[in-house]
Amino acid sequence: MDGRSHWEDIYGSKSATSVSWYRPHLEVSLAMIRHAAQSKQSAILDIGGGASTLVDDLVKDGFQDVSVLDIAAGPLDVSRQRLGGTSKQVKWIVANFLSAELQAKRYDICHDRAFFHFLNFAEERAEYVRQVKRILRPGGVLVLATFALNGPERCSRLEVSRYDEASLLKEIGRGFDLVESRYETHGTPSGHAQPFLYCVLKLAGL
């Protein structure tokens, strides 16, 4: 099963509010984005955003240039239906982020709480970093959340990679400065605890 089929299957078998990563609001992500944004016109891309409620809060906050990218159409449809008429304010992108034909220097902020920790091969992670650097504007910010070192080893039947600040910075490599990091324990809908690491990374030297 390829990546798109896998996630279509996940959302076809579970409701968007019962998957392990569901939160009514992504409080930490939202706070970091608000702090990083220069204005309500800041261009924001949510990588692997799927059915996440982050887009709801960004639109409610008045951000005017919000895009949500996911490899599967199903979870994006969930978000579109949830937003109703305001979904027209959002750009919805069905693509694998690693190979997506996104405009260079298009975004001020990239957010990812759902994709990077599923990249278990060095080549994939390197391509991820190249893509983020390519699409961020000068001075752009990556708000990246991954499973912490004491987080789960698997998620949605897939192995995941886990990080602390040092190991994450090693993977991201040169070109980014760590602005902020914090840990959060996410409580899943089924009552399990999932430790996350959140980092704000800014393109260096700009």
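Observations on the model:
- Taking (1) aliphatic (A, V, I, L, M); (2) at pLDDT 95 or above; (3) touching a strand residue (DSSP E or B) at 6+ places or on another chain (Cβ under 7 Å); (4) not in a strand (DSSP E or B) in turn, L206 satisfies each apart from (2).
- Test: residue in segment 91-102 that is over 26 Å from H35 (Cβ atoms) and of a type in the set (V, I, T): yes
For every residue, the table says whether it meets (1) of a type in the set (V, I, T); (2) at pLDDT below 70; (3) in contact with a Lys or Arg (Cβ under 8 Å, 6 or more places away or on another chain); (4) within 17 Å of A72 (Cβ to Cβ).
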site: G3; (1), (2), (3), (4): no, no, no, yes
site: S15; (1), (2), (3), (4): no, yes, no, yes
site: H25; (1), (2), (3), (4): no, no, no, no
site: I44; (1), (2), (3), (4): yes, no, no, no
site: G48; (1), (2), (3), (4): no, no, yes, yes
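- Here Q194 passes the criteria (1) farther than 22 Å from S99 by Cβ; (2) surrounded by fewer than 14 Cβ atoms within 10 Å (Cβ to Cβ) except the one numbered (2).
- Search result, residues across segment 39-78 that are in a loop (DSSP other than H, G, I, E, B), closer than 18 Å to S99 by Cβ and in contact with a Gly (Cβ under 9 Å, 6 or more places away or on another chain): G50, I71, A72
- Total residues in segment 79-94 satisfying the condition of being surrounded by 16 or more Cβ atoms within 10 Å (Cβ to Cβ) and either part of a helix (DSSP H, G or I) or basic (K, R) (or both): the figure is 4.
- Among the residues of segment 129-186, the ones that are under 16 Å from the mean Cα position of the chain (by Cα), small (G, A, S) and surrounded by 18 or more Cβ atoms within 10 Å (Cβ to Cβ) come to 4 in all.
- Taking the criterion of being within 22 Å of S42 (Cα to Cα), free of Cβ contacts under 8 Å to residues at least 60 places away in the same chain, of a type outside the set (F, W, Y) and not in a strand (DSSP E or B), the residues of segment 110-164 that qualify are V129, R130, Q131, V132, R134.
- A122 meets the conditions (1) surrounded by fewer than 18 Cβ atoms within 10 Å (Cβ to Cβ); (2) under 25 Å from K202 (Cβ atoms); (3) within 14 Å of the chain's Cα centre (by Cα) in every case but one. The failed one is (3).
- Within segment 77-89, residues that are within 17 Å of D61 (Cβ to Cβ) and of a type outside the set (K, R) have Cβ atoms under 6 Å from residues that are surrounded by 17 or more Cβ atoms within 10 Å (Cβ to Cβ) and at pLDDT below 95 in these pairs: S79/A51, counting only partners at least 6 apart in sequence or on another chain.
The values are calculated or read from the model by the stated rules, or taken from the named source; none is laboratory data. What you see is a predicted model, and the numbers here were worked out from it, not measured in a lab. As a convention, Cβ positions derive from the backbone with ideal geometry for all residues, glycine included, and neighbour counts pool all protein chains shown.
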